[in-house]
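The values are calculated or read from the model by the stated rules, or taken from the named source; none is laboratory data. Since this is a predicted model, take the numbers as computed values, not measurements. Using ideal geometry, Cβ is built from the backbone for each residue, glycine included, and neighbour counts are taken over all protein chains shown.
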Ligand SMILES: [Zn+2]
């Protein structure tokens, strides 16, 4: 009786180079510390420290959000937003990023109107796309620490100043402040205006937060959502309804997790992707995040591809773009896994290999 070969786990190197699709990454969390310090100095914005080596050290979520808010204020002009948006997308494209839905917090840049913020971000998105081919769509993030009326005004502005890249609204910031239901009116308006909905829930909050995001906000995806494991009924509902959970490996560890929640969600049959959240602020990156999660969870290349395709399935794009993206991801993995073409160089008697050089195979060394 023959047994199927057991696929080996993917190497960190392969995962760093694999094609990637991200649904949970914050623009304001994607500013390298040196850039934040430089822009803050230029605009006279106070940061908790002017030492770039110390800026992204915090004890808890409150400490992180204080830095996040200050760094957001340091992005004070459309040109700043264009620079940061372009730079983070180009850097991530070099680590395999093909498509990202990136959140931005317009109200965290009080020196600018919504239109100015949007124009700066779009400038960066479009220049990065022209340069690298990476496709970035945008999620207008509601800061739940602000009153619901601010959220409503923000959604109105998003609908007034439409851009094809803006595909959704999201609920952000401290989960323990401001119940999701308080933002129901803003999210309903967004839905009527044709915007998708996502929400941070179940990271620090409990399973009821996840349920409230689904029921009160009509969220189609959940950012994080680890608490769903505590409620079997809700978990079954999310599995049946195909609710996608855009999880984040490094920030989950920061909050005291050990990865078991993400493993448990996968074992429970939920739709899960791994995303970098606020990459430089937590010492990670597009490539590093998949490498850390994939190696810790022992993913085979096939399982890693499955995770990326889960993100493709939950992307807020049309079906034509989704099919093209899925094909691109499959092609990228196939290229990484293909054994290098090997042939004898005529006359020299030496063995020459060509191709990507990815993965062990005959003739490599
Ligand atoms: Zn997040």
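Miscellaneous remarks
- Cβ-Cβ contacts under 8 Å between residues 6 or more apart (or on different chains), taken from a first residue in region 18-33 that is farther than 30 Å from residue 301 by Cβ and free of Cβ contacts under 8 Å to residues at least 24 places away in the same chain to a second residue that is within 16 Å of the ligand (Cβ to nearest atom) and in a loop (DSSP other than H, G, I, E, B), are absent.
- Residue within region 54-62 that is without any contact (Cβ under 8 Å) to a residue 60 or more places away in the chain, under 15 Å from residue 280 (Cβ atoms) and in a helix (DSSP H, G or I) present: yes
- Just one of the numbered conditions (1) surrounded by 15 or more Cβ atoms within 10 Å (Cβ to Cβ); (2) more than 16 Å from the ligand (Cβ to nearest atom); (3) outside any loop (DSSP other than H, G, I, E, B) is not true of residue 67: (2).
- One residue alone among 341, 314 is farther than 30 Å from residue 163 by Cβ and modelled with pLDDT of 70 or more, and that residue is 341.
- Each residue in region 202-215 was checked for being surrounded by fewer than 18 Cβ atoms within 10 Å (Cβ to Cβ) and under 16 Å from residue 172 (Cβ atoms), and 1 of them qualify.
- Qualifying position, being surrounded by fewer than 16 Cβ atoms within 10 Å (Cβ to Cβ), in contact (Cβ under 8 Å) with a residue 24 or more places away in the chain and part of a helix (DSSP H, G or I), among 79, 7, 87: 79
- Filter pass, residue 246 being buried (at least 22 other Cβ atoms within 10 Å of the Cβ), touching a helix residue (DSSP H, G or I) at 6+ places or on another chain (Cβ under 7 Å) and in contact (Cβ under 8 Å) with a residue 24 or more places away in the chain: no
- Members of region 277-298 that are more than 16 Å from the ligand (Cβ to nearest atom) and crowded, with 22+ Cβ neighbours inside 10 Å: 287, 290, 291, 294
- Condition met for residue 163 (in contact with a strand residue (DSSP E or B) (Cβ under 9 Å, 6 or more places away or on another chain) and in contact (Cβ under 8 Å) with a residue 12 or more places away in the chain): yes
- Put simply, of 272, 329, 228 the only residue that is over 30 Å from residue 35 (Cα atoms), in contact (Cβ under 8 Å) with a residue 12 or more places away in the chain and touching a strand residue (DSSP E or B) at 6+ places or on another chain (Cβ under 6 Å) is 272.
- The set of residues in region 94-108 being within 15 Å of the chain's Cα centre (by Cα) and not in a strand (DSSP E or B) consists of 95, 96, 105.
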